[in-house]
Amino acid sequence: MVTNNGLVYLIALPLFGALSLLLLGRRADKWGHLLATALSASSFAVGLLQLSQMLGRATENRPVTQKLFSWISVGSFKVDASLLLDQLSICFVLLITGVGTLIHIYSISYMSHDHDRRRFFAYLNLFIAAMLLLVLGDSYLNLYVGWEGVGLASYLLIGFWNQKPAYATASKKAFVMNRIGDMGLSFAIMIAFASLGTVSFTGVKEHAHHASEATMTAIGIMLLVAAVGKSAQFPLQAWLGDAMAGPTPVSALIHAATMVTAGVYLIVRSNFVFDAAPTAQLLVVIVGAITLMFGALVGTAKDDIKKALAASTMSQIGYMILGAGLGPAGYAFAIMHLLTHGFFKAGMFLGAGSVMHGMNDEVNMRRYGALRKFMPITFITFGFGYLAIIGVPPFAGFYSKDMLIETAFNSGGTKAILLGSTALLGAAITAFYMTRVMILTFTSTKRWDDNQHPHESPILMWLPMAILAIGSVTSGFLLSRGSALKNWLEPLFESHGEHEELLSPMVVSSLALLMVALGVAIAVMKYQLSDVDAVAPQDVSIFTRIARRDLLQDDINEALFMRPGQVLTAALVKVDESVVDGAVRGIGQMAISSGSTLRRTQTGFVRSYAMLILVGAAVLIAAIWVVTQ
Amino acid sequence: MINFVTPTLDYALLAPILIVLAGALVGVLVEAFAPRNSRAASQLFITLATLVLSLASLIRVRGKSSTAAAMDSVSFDGAGMLLQASILIIAIIAVFLLADQENFTALAAALPGSDEERTSLQQDLKVTEVYPLTLFAVAGMLLFPLATDLITLFVALEMLSLPLYLLAGLSRRRRLMSQEAALKYFLLGAFASAFFLMGVAYLYGYSASTTFAGIHAAVIGGAGNDIYLLLGIAFISVGLLFKVGAVPFHAWSPDVYQGAPTAVTAFMAAATKVAAFGAMLRIFYVSFAEALWQWRPALIAIALVTMVFGSLVAIAQRDVKRMLAYSSIAHAGFLLSGVIALNKSGLDASIFYLFAYGVATVGAFGVVTLVRDSAGEVTDLNRWSGLGKRSPWVATAFSGFLLAFAGIPLTSGFIGKFSIFSAAYESGSTAILITGVLSSAIAAFFYIRVIVLMFFKDPVEDGTSVVIPSIYTQITIIVSAVVTFALGIYPTPLINFIQSTASFLR
């Protein structure tokens, strides 16, 4: 493979920014945000340079690597810290640095009143560096470093306004749920190492054909667990809604455009694993299908604009995971939807931030209304994003989502009909809840108090929104013209020949547009043509109530995991502290009450400890005895 | 006529141990004759010089190996020397913490709360005895992982333990608690030693020998009574498992960690683990390897219980020193997987892990000595909230150590955990791998919780603050942090070195 020593700059530039802003502290307050933005932009420039070089090379020479140093070498096990830039990672590099730079620019204005703006930018740069490491690592272990890095950055950024306890809790929840996913990744790495003896992408790919299907299935399922945690997929989806506590640019960058899509990257990157493990692949599809419906249903009931968008992110990533689970036919479309989604969802989040900026940080859409007149630019840019996500031609989402639905329908068997219908129904619900967001915020009657003075945001905020809006309009067309992206990514995947065609593209497109029209129509009737309450009505059906509570995700988590966990911990502490020394403490209590010093209790403790040692020794002997017999 | 054979000793190989013992004796003489106000400085100098000299003499004899250096009672080999070097390096880092006399009582013999104690405090007396005591303990630790004779092993065990019992009782604040901890440690230590001796007796009964080689020969020959072997292994294990703090022989460690002066806790937690695991690795790899079907299942069970118990109970701790104690229990479980692995990679991984963990532990306790209010160290975790806002550097260093304990990539802990679990898996213990990763995940929760507390909570206004670290404490923390991260980012040289060096001579 071709070596290119320029790759390291992609990561080094933002990493340098993060470190210098953190190390210089308050000294960098005046110019820190500018440095961070400039470094992110230069990383983007390096990415563009790499792309132009890559375009100039023949297909088989396109991937390039750079070895940084030899990281671990334990016996036969060697891992180099190496970077790999191929057709897949370049897409991510440009998305991360491009959208990242726009969000840096937006944040200059959005965070201008925050006295800790420099720290915020340091974390943003840290995130960019970690995310780039994630997509540039050439082995699962290097990917893992970036994986943990983005987790850390995300955690720092969600909790950035940590003076509010609810926000700190939210960041903790995100952390715990992510840990479950991370555990999956570390299991996958260990299984790969133990059974294949390698953890590099190329190494695992080579072994994928010879290894037993059971091994590949185990690795695949563990990778899926990792993806599910990071990408907020069912059943680890609960953290994403709470993560909206972070500043809005963070939601746009991390929880819409980049980090949450890392799961999709992981699955597409591991295509050779899933191609060799049909069971794991089927699970991927199921997870994707469930989540796309789950997110869409939750989205219909949310009044908080950011949480509605978060639910929609969950649902859209469900589409991508679904696509990635459909095998070689779906990989390219999953990535395409990921890229277009990066544009339109980031744009809408920034739009939501702009609305909040003009409305004194109000997030309840029931207290918005008629903002179209006051924030025309936000309205138009948000509107483009909206048209893109619901899939109106020629906006970006139309191309990418349509392809996914079509691929689902053509994946063969009864499965295909189920998946295709789910994806189609999801499109209708998406159209419904996004129209609802649009109407409640911009076009319905005014529902805010008179002490609100909505106004358009400054240019530094609307310019990034405008650029993203342009992307929302054009990216789908550009990426799908002449199957550009599909052909670009083709060499990375092993194609399995074409599947039978259940429905022709024309039929699928028409059906999808019909469903979208249906969803929009219902929403318009329900919200535009009738009055909306400024306070959420309480006399609603049980379904609405369940949807408002995120389909009971927290209740289920609490009942299934939290309570038993707490009980177990409490019980163990009890065993250690009360049962073991229980009798003794009783005597100790008597001793204290009879005026003696604490000492006697302590003597008692020693006795009980000694007892424990004795019992332990007896059990040990018994155990060895039993084994020997 | 009894034939007396003159012992032959290879002084070059024994030099590292002998130098430390000599240094300790010089320290005792200084205590006896030097004027009081010059003792602290000279003791610190003597101790550091002794340890550095010892390390230098160890480096001089690197690569040599011999089983006959001291009449077959100790064995010099690659693994032993690596363990010795780890102990010496950890001791050097930890000695700087001892130099901060704020930790120690002014007069150890004074009754807590007595007039004598008050006077001693007013006179600003210092217990400089801690230095020679530490050196005696280090000498015992250096001998412990080399011993190839059960009697020598026992002598080394007592040699390292007795000074530690004393050191644990020297805390300046909360002296009653400290003295109780010392007494508790002593009583339970004696109890465990009794088990150990009983194990020695049974093994002698089994093999008619006290040397590792003799026992090994008897195990291979299979001539002896298996019940004696079984009891011998079990009782010896109790003694060693007590020292490393494995469940159910762990009960002393939270109390002692909490009660002892933090500087002592740092040294004890780090160096004792290296020595005790070193001895354990040697005896199991050398003597009991062929009897593995008898002891391995029981040891696996203990390792699993220890990992899970340590990780779970640590969650509920509100005191930072107790939390670190339970964390060290969990780490004892992880380290047992290296003993269980019983292969070369298990040995390599254990040595790396011991060194990495030891250094991070010294650093973490070093930070604990800095967080104080007017009454001394503040170990209540609630009062650590917001520390990151007031003292970002100290909090960052502590976070680094915690991340290493949690095994997050780019810290030494990750490499250590990865290699030790891989080794266990290689030897066929899937249960260890799964439980290990699961309990690491649980453990990560409470480490990260402390980080959250320090960085994301508002500071409490109750006089808790971070004192400006003395130059000594700074050295400890900075060196520990640098080693912890360096071993996470670029561990290859050390791993290669361990791989090419570590082996046990039979």
Give the cross-link partners of B:LYS64 among the aspartates and glutamates, using a straight C-alpha distance below 16 Å as the criterion and excluding same-chain residues fewer than 8 apart.
B:ASP10, B:ASP72, B:ASP77
Output ³J(HN,Hα) for the range B:287-293: one whole-Hz value per residue in order, computed from phi by the Karplus curve 6.51 cos²θ - 1.76 cosθ + 1.60 with θ = phi - 60°, and x for Gly and Pro.
8, 9, 4, 7, 9, 4, 5
What does the convex hull of the alpha-carbon atoms of the range B:11-501 project to on average, in nm²?
21.2 nm²
Applying the gyration tensor rule to the Cα atoms of the range A:383-508 (axes a ≥ b ≥ c; rounded if a/c under 1.5, else prolate if a/b exceeds b/c, else oblate), the class is oblate
Can you tell me the 0 to 90 degree angle between the C-alpha axis of helix B:392-406 and the longest principal axis of chain B, rounded to 10?
30 degrees
Among A:LYS230/A:LYS415; A:LYS345/B:LYS389; B:LYS126/B:LYS389; A:LYS307/B:LYS389; A:LYS345/A:LYS486; B:LYS184/B:LYS273, which pairs are too far apart, with a Cα-Cα distance over 24 Å?
A:LYS230/A:LYS415; A:LYS345/B:LYS389; B:LYS126/B:LYS389; A:LYS307/B:LYS389
Out of B:THR6, B:PHE355, B:ALA108 - ranked by how far each Cα lies towards the positive end of the dipole of the protein assembly as shown, with unit charges on the beta-carbon of charged residues - the top one is B:ALA108
State, as an integer percentage, the relative contact order of the range B:11-501 based on alpha-carbon contacts under 8 Å between residues 6 or more apart.
15 percent
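Can you pull out the chymotrypsin sites (Phe, Trp or Tyr not before Pro) in the range A:1-101 that DSSP calls coil and that have at most 15 other Cβ atoms within 10 Å?
Details: sites: A:TYR9, A:PHE16, A:TRP31, A:PHE44, A:PHE69, A:TRP71, A:PHE77, A:PHE92; in loops: A:TRP31.
Here the sparse-neighbourhood loop sites are A:TRP31.
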Run the simple label-point estimate for A:SER20 and B:ALA40 please: 7 Å along Cα→C-beta, distance reported in nm.
4.3 nm
From zero outward in steps of 5 Å, how is the percent of C-alpha pairs of the range B:44-161 spread across the bins?
2, 11, 17, 18, 15, 12, 9, 6, 5, 3, 2, 0
Positive dipole terminus of the range A:157-305, leading residue within A:LEU157, A:SER251, A:ALA226 (C-beta point charges)
A:LEU157
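What FRET efficiency do you get for A:GLU206 and B:ILE478 if R0 is 56 Å and r is their Cβ-Cβ distance, rounded to the nearest 0.05?
0.80
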Simple spin-label model, 7 Å along Cα-to-Cβ: B:ASP124 to A:LEU48 in nm?
6.7 nm
Where the only charges are on Cβ atoms (+1 Lys, Arg; -1 Asp, Glu), what is the dipole of the protein assembly as shown about its Cα centre, to the nearest 20 debye?
1260 debye
Loop only by DSSP, 11 or fewer other Cβ within 10 Å of the Cβ. Give me the GluC sites (Glu not before Pro) in the range B:374-465 that pass, ordered by residue number.
B:GLU461
Specify the inter-centroid distance of the range B:1-69 and the range B:177-246, based on alpha-carbon positions, in whole Å.
28 Å
Partner aspartates and glutamates for A:LYS30 [C-alpha distance under 12 Å; skip if fewer than 8 residues away on the same chain]:
A:ASP116
Have a look at B:ALA217, B:VAL450, B:LEU82 and report the one farthest towards the positive end of the charge dipole of the range B:11-501, computed about the Cα centre with Cβ charges (Lys/Arg +1, Asp/Glu -1).
B:VAL450
Obtain the nm distance between the two label points defined at B:SER500 and A:ILE180 by a simple spin-label model: each point lies 7 Å from its Cα along the Cα-to-C-beta direction.
4.7 nm
Mean 1/r over distinct Cα pairs of the protein assembly as shown, inverted to a Kirkwood Rh in Å, yields 31.8 Å
How big, on average over all directions, is the shadow cast by the Cα convex hull of the range A:194-328, in nm²?
8.0 nm²
Distance between the range B:389-435 and the range B:78-101 - C-alpha centres, whole angstrom
21 Å
Largest-first semi-axes in Å of the equivalent ellipsoid built from the Cα gyration tensor of the range A:122-264 are 30, 15, 11
Inverse of <1/r> over all distinct C-alpha pairs of the range B:61-108, i.e. the Kirkwood Rh in Å, gives 13.3 Å
If you filter the range B:246-347 for trypsin sites (Lys or Arg not before Pro), then keep DSSP loop positions with at most 14 other Cβ within 10 Å, what is left?
B:ARG318
About the Cα centre of chain B, what is the dipole size in debye to 20, counting +1 per Lys and Arg Cβ and -1 per Asp and Glu Cβ, all else neutral?
600 debye
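A short reminder: the numbers here are calculations on the coordinates, not readings from a lab. Because the structure is a prediction, the values reported are computed rather than measured. Here Cβ is always computed from backbone atoms with ideal geometry, including for glycine, and neighbour counts include all displayed protein chains.
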